[in-house]
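Below: the structure, in structure tokens.
The values are calculated or read from the model by the stated rules, or taken from the named source; none is laboratory data. Everything quoted here is computed from the prediction, not taken from an experiment. Ideal geometry is used to build each Cβ from the backbone, glycine not excepted, and the neighbour counts take in all protein chains shown. What goes into the accessible areas is simple: the full protein's heavy atoms, side chains included, and nothing from ligands, DNA or RNA. Shrake-Rupley method; radii C 1.70, N 1.55, O 1.52, S 1.80 Å.
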Amino acid sequence: MTHRRTFPHEPESVPAARRFATSTLRGVSVDTLEAIELMVSELATNCIRHTDSGFELKITRAGGDIRVAATDEAGGKPEMRSPKPTDPSGRGLKIIDMLSAEWGVDQRAGAGKTVWFTVPDSTPASTPQASRA
């Protein structure tokens with residue numbers, strides 16, 4: 001199943017994108033949902049900071065995975081940085097790299113790109129402890 005929503009280019013879109021993700025993914029384990037919420041926040045923040053347009057967030061649950069993708073109309077290719085501990089930003093893609101099963105960037109033919117990540121779809125009922133209860 002796929003859900004998508006478009007967000008305007010404004011700071012309020014970051015918490016709105018998190019709310020969209022958490023409401024779309026009801027029933028996912030708390031740990032997975034918290035990780036997705038953080039990664040969505042990073043994607044949305046990058047869309048607001050590094051573009052001049054809104055963005056679309058697409059969440060797909062299929063084949064045992066959750067795929068989240070943020071598409072914007074800006075050029076350029078996001079790259080993972082190695083910020084110093086005192087740097088105020090630059091950790092977004094590192095966080096996504098650490099918390100996701102995989103991630104990537106798909107450049108669009110004209111302008112724009114999609115930054116995406118996947119995580120295993122773990123619902124509480126599918127965990128060993130929950131199934132024994």
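Residue-level check: of (1) at pLDDT 90 or above; (2) among the small types (Gly, Ala, Ser); (3) open to solvent by less than 40 Å² (accessible area, probe 1.4 Å); (4) closer than 25 Å to Ser122 by Cβ, Gly92 misses just (1).
With a requirement of 1 or more residues that are open to solvent by 70 Å² or more (accessible area, probe 1.4 Å) and β-branched (Val, Ile, Thr), the strands (runs of 3 or more DSSP E) lying completely within region 1-86 that satisfy it span 2-7. Residues of region 95-112 that are open to solvent by 50 Å² or more (accessible area, probe 1.4 Å), of a type in the set (A, V, I, L, M) and not in a loop (DSSP other than H, G, I, E, B): Met98, Leu99.
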